[in-house]
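A short write-up of the structure that comes next.
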Amino acid sequence: MKVLVYSAKDFEIPYLEQANNKKHKLTFIKDALSSETTMKVIGYDAISMFSADTADFMTIEKLKDFGVKYITLRSVGHDNVNLRSASRLKLRVANVPAYSPYAIAEHAVALLLALNRKLIESNFRVSHYNFNLDNLVGFDLNKKTVGIIGTGKIGTVMSKIMHGFGCKLLGYDIEENSDLIDKYDMQYTSLISLCNQADIISIHVPLNTETYQLINEDLIYEMKDGVIIINTARGSVINTEDIIEGLKRGKIGALGIDVYENEKKIFFKDHSQDVQDDDFLLKLNAMPNVLITGHHAFLTDEALTNIADTTIYNLDCWESGKETENELTELVETT
């Protein structure tokens, strides 16, 4: 099968090549998938796309017209794909449903620890031979209350890690995890109650109509003063403007994010020589109690291996005329 791999990153190409083992003809391009770049798919049976790519209605229509039959995502999230259009046009779409919940959860913990113990500032001082300890006071995680919004695969791992620190766990999800309740003393509660009680809030929900800008001014008002918020889910789950106001007022004590509401225009590229015009990002970067990483929570050897293996597995299934259990389009009604 001839496959065009959009948004191919140097760090992932060796993993994809090893998983492929020359079975499919892979062509790697750095261009992101969009309506404007669909011309490049002529002559290809399938494409592989990344989380920053866009497969909206118009793009799906063009992919179909140019002969593409299959779309395999190198991500869990699929909010960037119009699945209804793909189903209607009989394009098969599959994702990587779980590549490494440990990678994401452990990165969330790293953000939390770095913010709480002020590791960035401490390292900056030491690099300048300043060993003064003023304003570097953090707090013990032990016995603190951690609110986990979304207790799926990643939220479950995060809960277990926080339990290991001796934290009290509060959970919010449409489905309760009995294992977390029985073994890790998770207490499920309403979202408002979670915000009222949590010293730390970690977000692990997918982006959909129910979770879009879930963390907004009204919910921030319900939070404890000085709360630490960690988001490794999707940038648009939080209202960035409201978060900035909360940080300014001191309602939010610290913010750690690996995702950003406007990241599609910015992340995964070197903008160090550009004049920055994203006001929200400029404001966040200027705050000493904000830590931002560029959507690299997934960047572990294990996760990249699993992403590549599942991507090639999806292609293998389609080429052999089989369905893959990772297909998304069959779940969408086309009526």
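The values are calculated or read from the model by the stated rules, or taken from the named source; none is laboratory data. Small disclaimer: the values here were computed from a predicted structure and weren't measured. Because the Cβ atoms are built from the backbone with ideal geometry, glycine has one as well, and the counts that use them run over all protein chains shown.
For segment 267-278, check the following and say yes or no: at least one residue is of a type in the set (A, V, I, L, M), surrounded by 14 or more Cβ atoms within 10 Å (Cβ to Cβ) and in the same structural domain as ARG117 (by TED's automatic domain parsing). No, segment 267-278 has no match at all.
Across segment 158-169, a minimum of one residue is classified as free of Cβ contacts under 8 Å to residues at least 12 places away in the same chain and assigned by TED's automatic domain parsing to the domain that holds VAL259.
The residue of segment 218-227 that is surrounded by the fewest Cβ atoms within 10 Å (Cβ to Cβ), among those that are at negative phi and out of contact with any Asp or Glu (no Cβ under 7 Å at 6 or more places or on another chain), is ASP225. In this structure, ALA108 does satisfy being assigned by TED's automatic domain parsing to the domain that holds ALA286 and not in a loop (DSSP other than H, G, I, E, B). Filtering THR145, THR151 for residues that are free of Cβ contacts under 8 Å to residues at least 60 places away in the same chain, out of contact with any Phe, Trp or Tyr (no Cβ under 9 Å at 6 or more places or on another chain) and within 27 Å of LYS168 (Cβ to Cβ) leaves a single hit, THR145. Considering each residue of segment 246-259 in turn, at least one proves to be touching a strand residue (DSSP E or B) at 6+ places or on another chain (Cβ under 9 Å), of a type outside the set (A, V, I, L, M, F, W, C), modelled with pLDDT of 95 or more and assigned to a helix (DSSP H, G or I).
The number of residues in segment 164-223 that are under 19 Å from LYS251 (Cβ atoms) and either in a helix (DSSP H, G or I) or out of contact with any Ser or Thr (no Cβ under 8 Å at 6 or more places or on another chain) (or both) comes to 18. Looking across SER75, SER87, one residue alone is assigned to a loop (DSSP other than H, G, I, E, B), touching a helix residue (DSSP H, G or I) at 6+ places or on another chain (Cβ under 9 Å), crowded, with 16+ Cβ neighbours inside 10 Å and among the hydroxyl-bearing types (Ser, Thr, Tyr). It is SER75.
If you go through segment 18-42 and keep only what is hydrophobic (A, V, I, L, M, F, W, C) and either outside any loop (DSSP other than H, G, I, E, B) or crowded, with 16+ Cβ neighbours inside 10 Å (or both), you end up with ALA19, LEU26, PHE28, ALA32, LEU33, MET39, VAL41.
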